Amino acid sequence: MSEVLKFVFKGNRNYIQGTSLFNALVEVAGQRGAAEGKINVSFKHMIHNPVCILDERAPTAADAVVAKIAGTDGESYSLCINAATETEEAVRQEFDEPEACRGSIVGDKSIVQDKPHHADRIELLVSLCKKMHQECVDSSKKWVFSRYDGQFPIPEMDKVELRITKQVGTRLTCSDVLVNGEKIADMYFS
């Protein structure tokens with residue numbers, strides 16, 4: 001099964017943001033009957049084409065995005081997303097990352113936001129995690145979202161906290177994602 005997906009580029013990015021890919025994978029999982037469950041998605045290569053192909057199959061090393069999805073009914077499968085051979089002009093969408101992070105408090109390798117106001121939950125988590133990395137680890141590095149391993153959908157948030165739990169220099173980190181005091185996922189940045 002192959003499906004064509006079209007994405008927008010956010011802000012001044014010249015690639016598809018991982019949050020857009022994550023949301024597409026969750027949407028496809030829902031279309032296949034998995035409205036909730038666990039998702040382990042890895043972003044291996046940036047995709048610079050707004051037109052992509054989604055396949056349900058075993059992943060290969062060449063795949064740009066790989067997700068393993070497990071529904072609450074025990075069914076599991078893999079989805080892969082790669083740039084299509086065809087392309088078209090990217091549609092652009094404004095994205096105010098600092099606004100998403102407004103009101104957050106950065107601590108010692110942590111960030112907290114009470115009463116989050118940004119509607120797209122994965123976009124909020126990634127924006128907060130990026131801000132935490134820039135302020136707590138290395139502000140000169142271009143940090144990117146590389147993996148999410150946890151619950152979907154992301155629950156409604158009264159409070160969100162991210163804490164770096166593992167770090168390999170400035171190459172890779174793993175952070176706990178806590179929503180309303182409960183850990184829902186591990187998020188990796190590189």
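The values are calculated or read from the model by the stated rules, or taken from the named source; none is laboratory data. Worth saying up front: this structure is predicted, and the values here are computed from it rather than measured. Cβ placement follows ideal geometry from the backbone for every residue including glycine, while neighbour counts extend to all protein chains displayed. Heads up: the accessible areas ignore ligands, DNA and RNA and are worked out on the full protein's heavy atoms, side chains in. Shrake-Rupley method; radii C 1.70, N 1.55, O 1.52, S 1.80 Å.
May I ask you to list the residues in the range 16-48 that are buried (at least 18 other Cβ atoms within 10 Å of the Cβ) and in a loop (DSSP other than H, G, I, E, B)?
Those that are buried (at least 18 other Cβ atoms within 10 Å of the Cβ) and in a loop (DSSP other than H, G, I, E, B): I16, Q17, A34, I47.
Each row is one residue, and each column tells you yes or no for (1) among the basic types (K, R); (2) touching a residue at least 60 places away in the same chain (Cβ under 8 Å).
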| position | (1), (2) |
| --- | --- |
| T87 | no, no |
| A100 | no, no |
| V106 | no, no |
| K109 | yes, no |
| Q113 | no, no |
| I122 | no, yes |
| S127 | no, no |
| K131 | yes, no |
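Restricting the search to the range 79-120, which residues are of a type in the set (S, T, N, Q), under 17 Å from K131 (Cα atoms) and in a loop (DSSP other than H, G, I, E, B)?
S104 - this is the single residue of the range 79-120 that is of a type in the set (S, T, N, Q), under 17 Å from K131 (Cα atoms) and in a loop (DSSP other than H, G, I, E, B).
Can you run down the residue pairs with Cβ atoms below 8 Å, 6 or more apart or on separate chains, where the first is in the range 152-171 and over 28 Å from A29 (Cα atoms) and the partner is among the β-branched types (V, I, T) and buried (at least 20 other Cβ atoms within 10 Å of the Cβ)?
Here the result reads I164/T173; K166/T173; Q167/T173, each pair linking the range 152-171 to a residue that is among the β-branched types (V, I, T) and buried (at least 20 other Cβ atoms within 10 Å of the Cβ).
List every residue pair whose Cβ atoms lie under 7 Å apart, where the two residues are 6 or more positions apart in sequence or sit on different chains, the first residue falls within the range 59-79 and is not assigned by the TED database to the domain that holds Q151, and the second residue, located anywhere, is assigned to a loop (DSSP other than H, G, I, E, B) and open to solvent by less than 20 Å² (accessible area, probe 1.4 Å).
A64/I47; I69/A34; G71/A34; E75/A34
Hey, any hits in the range 94-110 for a residue that's open to solvent by less than 70 Å² (accessible area, probe 1.4 Å), over 30 Å from A34 (Cα atoms) and among the aliphatic types (A, V, I, L, M)?
Looking through the range 94-110, at least one residue is open to solvent by less than 70 Å² (accessible area, probe 1.4 Å), over 30 Å from A34 (Cα atoms) and among the aliphatic types (A, V, I, L, M).
For the list (1) of a type in the set (K, R); (2) more than 16 Å from the chain's Cα centre (by Cα); (3) open to solvent by 60 Å² or more (accessible area, probe 1.4 Å), I need the number of the one condition that R147 fails.
Failed condition: (2).
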